[in-house]
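Below: one structure, written as structure tokens.
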Amino acid sequence: MHFDATFWATVALLLFFVLIIYLKVPGMMTKAMDDRSDKIRNDLEEARRLREEAQQLLAEYQRKRKEAEQEAEGIVAAAKREAEALTKEAEVKTEEYVKRRTALAEQKIAQAEVQAVAEVKASAVDVAIDAAQALIGKKMTGTVAADSFKKSLAEVKSRMN
């Protein structure tokens, strides 16, 4: 019996398959593919989890940004209200200050006026007394003149004051 090359190729192929099955190569390949599939599944799951986490962080930061904007608006509004209140208060204080200063100036003017009138009256009384004294002194003589002068002087002083 003479075996040709095809026979030996077939035998070698069969031995190769038996050896592969004996060494459990298909199981190892299946296990390797399952491991790779599990790794890919885990990577996909982790990527999904990270994506959800990133979306949650994004939503949280957007919420915080909105809160910060609202807080900033509140601060600006409060600052505007405070500035308006300070402006009104400053206007009122300025008005009061001007009124006080005006009243004080008017009071000083009135005092100066009263003082000037008093000085003019006093001056007029002194001039009148001197004139009366000069006239009476020339026309009257003796004790009558002195008594009359004293009476007149007292009367003029009482009327002028």
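Is there a residue being at pLDDT 95 or above and within 30 Å of the chain's Cα centre (by Cα) anywhere in segment 45-61?
Yes; the residues of segment 45-61 include at least one that is at pLDDT 95 or above and within 30 Å of the chain's Cα centre (by Cα).
Restricting attention to segment 6-31, which residues are of a type in the set (Gly, Ala, Ser) and modelled with pLDDT under 90? Talk me through it step by step, then tell me what you get.
So in segment 6-31, the residues of a type in the set (Gly, Ala, Ser) come out as 9, 12, 27.
Once the filter is applied, which keeps residues that are of a type in the set (Gly, Ala, Ser) and modelled with pLDDT under 90, segment 6-31 yields only GLY27.
Among the residues that make up segment 51-58, is at least one of them closer than 30 Å to PHE17 by Cα and not aliphatic (A, V, I, L, M)?
Filtering segment 51-58 down to residues closer than 30 Å to PHE17 by Cα leaves none.
The answer is no; no qualifying residue exists.
Find all pairs meeting these conditions: Cβ atoms under 9 angstrom apart; at least six residues apart or on different chains; first residue within segment 71-91 and loosely packed, with under 10 Cβ neighbours inside 10 Å; second residue modelled with pLDDT under 95.
none
The values are calculated or read from the model by the stated rules, or taken from the named source; none is laboratory data. Model, not experiment: these values are computed from the prediction. Please note: Cβ atoms are built from the backbone with ideal geometry, for glycine as well, and neighbour counts cover all protein chains shown.
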